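**Q** Supplied in structure tokens, the structure appears directly below.
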Amino acid sequence: MAVKQNNNEQNEMAPGQAGGGGGGGSAANMGAGGAGAGAGGAASPNGKSLMPGNISDEGGGGGGGQANDASSQTTSGKSQTNARELGGASGTGTGSSSTNTTDRQHDFNALLNIMQGIDPEDQKASRIYKLVIYNLAGMHVSSAPADLKLFKENITKIGQLLAVPNKKRYLMIYLRFVYHLITQSAEPPSCAVAIVFHLFSPDLIIEAVQSLLDLNVQDDSIRKTVGLLCKWIHVCNFCQNLNLWIMALLHGLREQEKYLLLDEIALDNIEHLFRLMIFPALRPKVAPIVFHMLSTINQTPEIFHKILPSIPLVIGAMKSKPNNLDNASSDARNYIQKLVDLFNALMIRFYDNDELYAPFKATLQMYEPSQNCMAFARALFENALPRNARVGLVNLGNTCYMNSVLQALAMTSDFVRQILLIESGSMLLQKVQQQIALMHHSMRYELTPLRVLKATRPPGFTPGLQQDSSEFLGYLLDLLHEHEINSGAAQHMDTDVGQPKEVKTSSEPALLTDEIVAAGVIPYNSNDHVHNSRPSAPAIGPATPTSMPTNAAPKKPSTIDKTFAGKLSTTYKCLSCAWESRNEDSFRELQLSFPDDKVDCGATNYSVQDLIDYYCSPEKLDGDNQYFCARCKKLCDAERRIAITQAPRNLILTLKQFKYDQKYHFRTKLMHKVFHDESVIVKVCANDSLQETCTVHYDLYAGVVHAGYSMDSGHYFTFAADQSKNWFKFNDSLVTNSKPQEMHSLTSPNTPYILFYQMCGRSTEATPDGPMHPMVPVPLVPPLTLDELPRGLRDYVKNDNRDYSEELKLQRFKRNAKRNTMSGNVTMNGRNGYEGDDEDDHMPPPAGGCGGNDMGMNINRFVY
């Protein structure tokens, strides 16, 4: 089979030619100090320097200089002479085909001569072996049949010499170096380096892959490596075990639960591998990989959809061109049958795409599915259940506004820890505690938050209609705060009666609450005096520092106070008389507006840091927005400035993407492109002077995204990370692994709406004229384990998990009983291949989902 050829390679400079700085010296010296030709400054296949001149045994750079040990002195004269040729061993020239063939043969002869002179016991031997591999990486491979035959003979000889040391340590050094060449170069190395993979036995392949994955290598590097192996599998006929490497990598990634990366790898390679099944010689290698990728699809039908156009071609080729041998013909029939079963199972699994599958069903009609088809279909459904990266929440009819907020709060570690440890008689708090405890420790893959919805739905939120998630968040935090404060007061102040004591609150509003709200701040409940540092003065008598009775003890801060509370100071300065008025208020959420004048903040593209700085910048109040000056006794032009005086532990930012259209009387979406910084800083000022005292650093850990064109429609979903920086995408019932890049690459109409930042450090206070001190990290709050939960919550979660296990057992028993009563002849007619059990109608799906399909299996159904 022809070898794929990159035409650009013919004109690329060979590593030795690019190096140019090599002089004489032994082969060992070339590997150790870069003194030999091509070792110092050698170029990679793409023309850039990739290999360091001082290679260490571990694949990195070592100390430079000449090697003076005895081993280098004992290197034979033949090795010294041929070592000078090693730097130019991969040169290809640009002459005729016969000239190129001669040059390539010379390259191989030079490499073989050098390797035959290497003493495997020499301490520098591994460095020369790596230099040989480097030359292989830049070697051009011709597609001429005669050249291919000669190439295979030569590369096999080099493989035999690389295996001479017969030590696993050498093989691991080779592998690390080849992995470095694959992942660090812009252009892939020559397929000649695949000879290194050929040296590994099946058992050693598994060990090597496990060792590689244990290093927590970058996902992009693994993706690039698997992709290159998939391309080489049909050109490297000298390497017969590349399929084993690919399968070992796929299994290893699955054990690490890197499902998103596996989906990306499958999307990259499934089409190419599937088309290779046309060739009988390659079929035994690629078929297991194709079957594995298709049978382990979770929530990504695009993997199956990529091969749909090739199905008639591949099945037709396998049917019309059987091998003359009977066993080969039988193998082809087995492959076709397995593909037919798997394709039908996938069409059942992703039945929502029936229209897409219609053209290809004609190809499959002539083949009868076997009994394995239903087993494949059931496995696809059942394997998908534990694949939810975390516990999801069922959409109860346009309740994504609530689900997205609950998932973000559930990923707020210190909030979760404190809310679960509250001992309260409030039924609402208990429902929220049970919900959050299940979201962290339930065995179910989705939960139905109906009890929390009924207990926390704000007044005016009509069931079944889309609502504002920011409005729900503010109401929920207020509600939790009030219930914790009031239930705590009942426990300590009215224990004799045993009934909650009515807490009397002042009806007098806090000063300038309307102005602060207009400035974009959600203040605490104005009736809660502990959060208002400047209460109204009494009608008679001097002002007092607090309006509470002298014999009243101050209330303890609630969980909401501890985790989301901050304070800000708003200063109004009259531009006529320079009189200033200052007010301090508490906030749980900052609402960041976009500048009306795009020049103020840089066109229509903004960063969150830009909006924070704009929020704290001076604002001129003039025209219809003039300020009433108490000294001038009239409306005057003024300046308003907001300063943060106390930074919250967790900073909630709402981006005001919605604007009321005065002309059409409709709330429109601004569609501004916002770069949600993964880190932001907030400058904290002193209460009295409002001079900056420290800088607080925050890291992004959650973001609620709105998809749609209007506040009253669309859909909400959430991105959030745990303390290990593992990101997830919460889309109601479906929870998948994600990356920060997925959130950064949102496109219209998907826009970030509510962002959650966690304090990660703060600078110490600076001297008046000195620089700011270095940042002091803020320790993370560890999550509660199941055994650390209060006894009531722990028992509640364990009982629910026990019930779920029984539900699963009952469903498996009913499915097995149904299967035993079937005649054994499975017929396929669209997605109606299995008649559901009537008793299932009386039993909800085990995960409390929105419903089931006609196979008695749970399906995530989203209601926007």
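**Q** Would you check if there is a residue in region 613-635 being modelled with pLDDT under 90, in a loop (DSSP other than H, G, I, E, B) and touching a His at 6+ places or on another chain (Cβ under 7 Å)?
**A** Looking for residues that are modelled with pLDDT under 90, in a loop (DSSP other than H, G, I, E, B) and touching a His at 6+ places or on another chain (Cβ under 7 Å), one finds none in region 613-635, hence no.
**Q** Quick check on this structure: which one of K814, K798 is surrounded by 11 or more Cβ atoms within 10 Å (Cβ to Cβ) and either of a type in the set (S, T, Y) or at pLDDT below 80 (or both)? Talk me through it step by step, then tell me what you get.
**A** Details: K798 fails: either of a type in the set (S, T, Y) or at pLDDT below 80 (or both).
One residue alone meets the criteria, K814.
**Q** What number of residues within region 112-128 satisfy the criterion of being surrounded by fewer than 24 Cβ atoms within 10 Å (Cβ to Cβ) and assigned to a helix (DSSP H, G or I)?
**A** Residues in region 112-128 being surrounded by fewer than 24 Cβ atoms within 10 Å (Cβ to Cβ) and assigned to a helix (DSSP H, G or I): 5 in total.
**Q** Using the structure shown, decide if V680 is aliphatic (A, V, I, L, M), surrounded by 21 or more Cβ atoms within 10 Å (Cβ to Cβ), under 24 Å from the mean Cα position of the chain (by Cα) and modelled with pLDDT under 90.
**A** Values: aliphatic (A, V, I, L, M): yes; surrounded by 21 or more Cβ atoms within 10 Å (Cβ to Cβ): yes; under 24 Å from the mean Cα position of the chain (by Cα): yes; modelled with pLDDT under 90: no.
So V680 fails the test.
**Q** Looking at region 264-306, which of its residues are within 28 Å of the chain's Cα centre (by Cα) and among the aliphatic types (A, V, I, L, M)?
**A** Across region 264-306, the qualifying residues are I265, A266, L267, I270, L273, I289, V290, M293, L294, I297, I303.
**Q** Still on this structure: With (1) among the hydrophobic types (A, V, I, L, M, F, W, C); (2) closer than 29 Å to V217 by Cβ; (3) buried (at least 23 other Cβ atoms within 10 Å of the Cβ) as the list, and L199 as the residue in question, which single condition is left unmet?
**A** Against the list (1) among the hydrophobic types (A, V, I, L, M, F, W, C); (2) closer than 29 Å to V217 by Cβ; (3) buried (at least 23 other Cβ atoms within 10 Å of the Cβ), L199 comes up short only on (3).
**Q** From (1) of a type in the set (G, A, S); (2) buried (at least 21 other Cβ atoms within 10 Å of the Cβ); (3) within 22 Å of the chain's Cα centre (by Cα), pick out the condition that doesn't hold for S413.
**A** (2)
**Q** Another question, if that's okay. If only one of M402, M439, M427 is touching a helix residue (DSSP H, G or I) at 6+ places or on another chain (Cβ under 9 Å), without any contact (Cβ under 8 Å) to a residue 40 or more places away in the chain and either surrounded by 20 or more Cβ atoms within 10 Å (Cβ to Cβ) or farther than 25 Å from L734 by Cβ (or both), which one is it? Give the steps one after another, and end with the answer.
**A** On the way: M402 fails: without any contact (Cβ under 8 Å) to a residue 40 or more places away in the chain; M439 fails: without any contact (Cβ under 8 Å) to a residue 40 or more places away in the chain.
None of the other options fit; the residue is M427.
**Q** With region 218-335 as the region, which helices (runs of 4 or more DSSP H) entirely inside it contain at least 2 residues that are modelled with pLDDT under 90? Working first, answer last.
**A** Numbers: elements: 219-232, 242-255, 259-276, 283-295, 302-305, 311-320.
By residue number, 219-232, 242-255, 259-276, 311-320.
**Q** Is there any pair linking a residue in region 216-233 that is acidic (D, E) to one that is at pLDDT 90 or above and in a helix (DSSP H, G or I), with Cβ under 7 Å and at least six apart or on different chains, and which?
**A** That search, which allows pairs on different chains as well, returns nothing.
**Q** Which residues, taken from region 387-427, are under 19 Å from P463 (Cβ atoms), assigned to a helix (DSSP H, G or I) and in contact with a Leu (Cβ under 7 Å, 6 or more places away or on another chain)?
**A** To start, the set of residues in region 387-427 that are under 19 Å from P463 (Cβ atoms) comprises 393-406.
Checking the rest, the ones that are also assigned to a helix (DSSP H, G or I) come to 400-406.
Correct list: M402, N403, V405, L406.
**Q** If only one of Y351, Y367 is touching a residue at least 60 places away in the same chain (Cβ under 8 Å), within 28 Å of I297 (Cβ to Cβ) and out of contact with any Leu (no Cβ under 6 Å at 6 or more places or on another chain), which one is it? Lay out the reasoning, then the answer.
**A** Numbers: Y367 fails: touching a residue at least 60 places away in the same chain (Cβ under 8 Å).
Exactly one of Y351, Y367 is touching a residue at least 60 places away in the same chain (Cβ under 8 Å), within 28 Å of I297 (Cβ to Cβ) and out of contact with any Leu (no Cβ under 6 Å at 6 or more places or on another chain), namely Y351.
**Q** If I ask for residues that are over 25 Å from T156 (Cβ atoms) and among the charged types (D, E, K, R), which ones from region 198-232 would you list?
**A** D214, D219, D220, R223, K224 - these are the residues of region 198-232 that are over 25 Å from T156 (Cβ atoms) and among the charged types (D, E, K, R).
**Q** For the subset of region 735-761 comprising residues that are assigned to a loop (DSSP other than H, G, I, E, B) and free of Cβ contacts under 8 Å to residues at least 40 places away in the same chain, which member is surrounded by the most Cβ atoms within 10 Å (Cβ to Cβ)?
**A** At the first step, the residues of region 735-761 found to be assigned to a loop (DSSP other than H, G, I, E, B) are 739, 745-749.
Subsequent filtering for residues that are free of Cβ contacts under 8 Å to residues at least 40 places away in the same chain retains 745, 747.
On the way: S745: 9, T747: 7.
That would be S745.
**Q** Restricting region 442-452 to residues that are part of a helix (DSSP H, G or I) and surrounded by fewer than 20 Cβ atoms within 10 Å (Cβ to Cβ), which is nearest to the chain's Cα centre (by Cα)? Working first, answer last.
**A** If we filter region 442-452 for residues that are part of a helix (DSSP H, G or I), which is where we start, we get 450-452.
Those still in the list that are surrounded by fewer than 20 Cβ atoms within 10 Å (Cβ to Cβ) too: 450-451.
Details: L450: 29, R451: 31 Å.
Across region 442-452, the extreme among qualifying residues is L450.
**Q** Also: Looking at A408, A389, A375, which one is of a type in the set (G, A, S) and more than 23 Å from the chain's Cα centre (by Cα)?
**A** Result of the check over A408, A389, A375: A375.
The values are calculated or read from the model by the stated rules, or taken from the named source; none is laboratory data. Treat the numbers as computed from the prediction; the structure is a model and nothing was measured. FYI the Cβ positions are ideal-geometry reconstructions off the backbone, even for glycines, and counts take in every protein chain you see.
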